Amino acid sequence: MTTTTAAIRYSHTVGSLSNQGRGFQNPVDLALDSQGVIYVLNRAGPELPLRLPYKRVSMCTVDEEYLGEFGAGGTAPGEFWWPSALAFDRRDRLYVADEALNRITVFNTQGETLDTWGEAGAAPGQLNRPSGIAVDAADNLLVADSGNHRIQMFTADGRFLQSWGGFGDGPGRFNTPWGLALDSAGSVYVSDWGNDRIQKLDAAGQYLAQFPRPGAPIPQERRIRRPAGLCVDAEGIIYVADWGNERVRVLSPEGELLATLRGDSQTPTWANEYFQANPEEAALRLEADLSPAVAPPGGFGTTPDREESANVEKLFWGPTSVKLDGRGNLLVADSCRHRIQVYRWEGRTE
């Protein structure tokens, strides 16, 4: 029996910790406009007055050019409280979901607020902690309505169209769905966070498949745990931010595991320029052990992988989003390390 694997090579890192300006603060999602500019959503919790200016959308390129930022924390129109996801439509309108405010805010590419809609509740069209969002070919917005355990569809101006799902672990049911993605045929992929699986639905919301497949014997080290953001390429290959395992998984269209990424690192340009201006901090970094041996976990809720990720700088720590830029790059929002890790897709091998 032949085994198919994916060849994916680490390229470089974009960004480093920065409260404002050139850098990121807990990037939770990213999206690309029609020109290839990357918009990075900085969640930057907790929600303290000091941190509210850090909640923003940063703009940059995959080649590490910083282009600016917009937004701030707050509850007024155009502000964020628990920003969770963002997506562009075909007109380059940027939609941002906010879990705490239960609303969607629409911006243009310059960061000007165009529209705000959404209200809290469980009735059709109401929201309870919206997380992942995606835009279909008709510019309708799909929303992972996490607290209501369903997927809802809205027009671009917020008019409710339909919803799918409800709480449960059966086909087409969800437990706190997080990420959303669409393939070229319009099929919808959902990171079913609480059920540790990916579900695939057709464009009308009918269940098609789930990964891993029901009853399939999956070794522990290959299981998805608490999946977050995901994306699908033109060949139907699925990329998943496996948040619970501190990894990125690459799956075939049939759900076969093609590759697992654990994280890589080199000092990004922005950080190097900072260290050149701050030689004392640069010297301390050179002296630091960035890949220490990690003791077994001792804290509540920790696992060996999470403990290792928290201490070894090159590893993913809280990967929340994966996106493709159309140029062969896979972009990973590495939230707890305040950076984007860039990988190059080099095809599949038998």
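Being surrounded by 15 or more Cβ atoms within 10 Å (Cβ to Cβ), in contact (Cβ under 8 Å) with a residue 24 or more places away in the chain and not in a strand (DSSP E or B) is a property that GLY132 lacks. Within segment 182-210, the set of residues being open to solvent by 10 Å² or more (accessible area, probe 1.4 Å), closer than 21 Å to GLY147 by Cα and small (Gly, Ala, Ser) comprises GLY194, GLY205. When segment 226-246 is filtered for residues that are open to solvent by 10 Å² or more (accessible area, probe 1.4 Å), under 13 Å from the mean Cα position of the chain (by Cα) and charged (D, E, K, R), only ARG226 remains.
Residues in segment 164-174 that are out of contact with any strand residue (DSSP E or B) (no Cβ under 8 Å at 6 or more places or on another chain) and either crowded, with 22+ Cβ neighbours inside 10 Å or not charged (D, E, K, R) (or both): GLY170 alone.
Looking only at residues of segment 149-163 that are open to solvent by 20 Å² or more (accessible area, probe 1.4 Å) and in a strand (DSSP E or B), we find that the one that is nearest to GLN210 (Cα to Cα) is ARG150. Considering segment 61-93, the residues that are touching a Leu at 6+ places or on another chain (Cβ under 6 Å) and in contact (Cβ under 8 Å) with a residue 40 or more places away in the chain include one that is most open to solvent (accessible area, probe 1.4 Å), namely PHE88. Residues in segment 135-148 that are more than 21 Å from VAL240 (Cα to Cα), crowded, with 20+ Cβ neighbours inside 10 Å and either over 21 Å from the mean Cα position of the chain (by Cα) or β-branched (Val, Ile, Thr) (or both): none. Candidates are the residues of segment 9-55 that are of a type in the set (A, V, I, L, M) and without any contact (Cβ under 8 Å) to a residue 12 or more places away in the chain; the one that is most open to solvent (accessible area, probe 1.4 Å) is LEU50.
Take the conditions (1) in contact with a strand residue (DSSP E or B) (Cβ under 7 Å, 6 or more places away or on another chain); (2) open to solvent by 60 Å² or more (accessible area, probe 1.4 Å); ARG213 misses just one of them, which is (1). Figure legend. Inter-residue proximity from segment 314-337: first residues among the hydroxyl-bearing types (Ser, Thr, Tyr), second residues in a loop (DSSP other than H, G, I, E, B), beta-carbon distance below 6 Å, spacing 6+ or different chains. Indicated pairs: THR320/ALA228; THR320/GLY229; SER321/GLY229; SER335/ASN26; SER335/GLY318.
Scan segment 264-284 and give yes if some residue there is over 22 Å from TYR66 (Cβ atoms), buried (at least 19 other Cβ atoms within 10 Å of the Cβ) and aliphatic (A, V, I, L, M), otherwise no. No, segment 264-284 contains no residue that is over 22 Å from TYR66 (Cβ atoms), buried (at least 19 other Cβ atoms within 10 Å of the Cβ) and aliphatic (A, V, I, L, M).
The values are calculated or read from the model by the stated rules, or taken from the named source; none is laboratory data. What you are looking at is a predicted structure, and each value in this text was computed from that prediction instead of being measured. So basically every Cβ, Gly included, is an ideal-geometry build from the backbone, and we count neighbours across all protein chains shown. Surface areas here come from the heavy atoms of the whole protein model, side chains and all, with no ligands, DNA or RNA. Shrake-Rupley method; radii C 1.70, N 1.55, O 1.52, S 1.80 Å.
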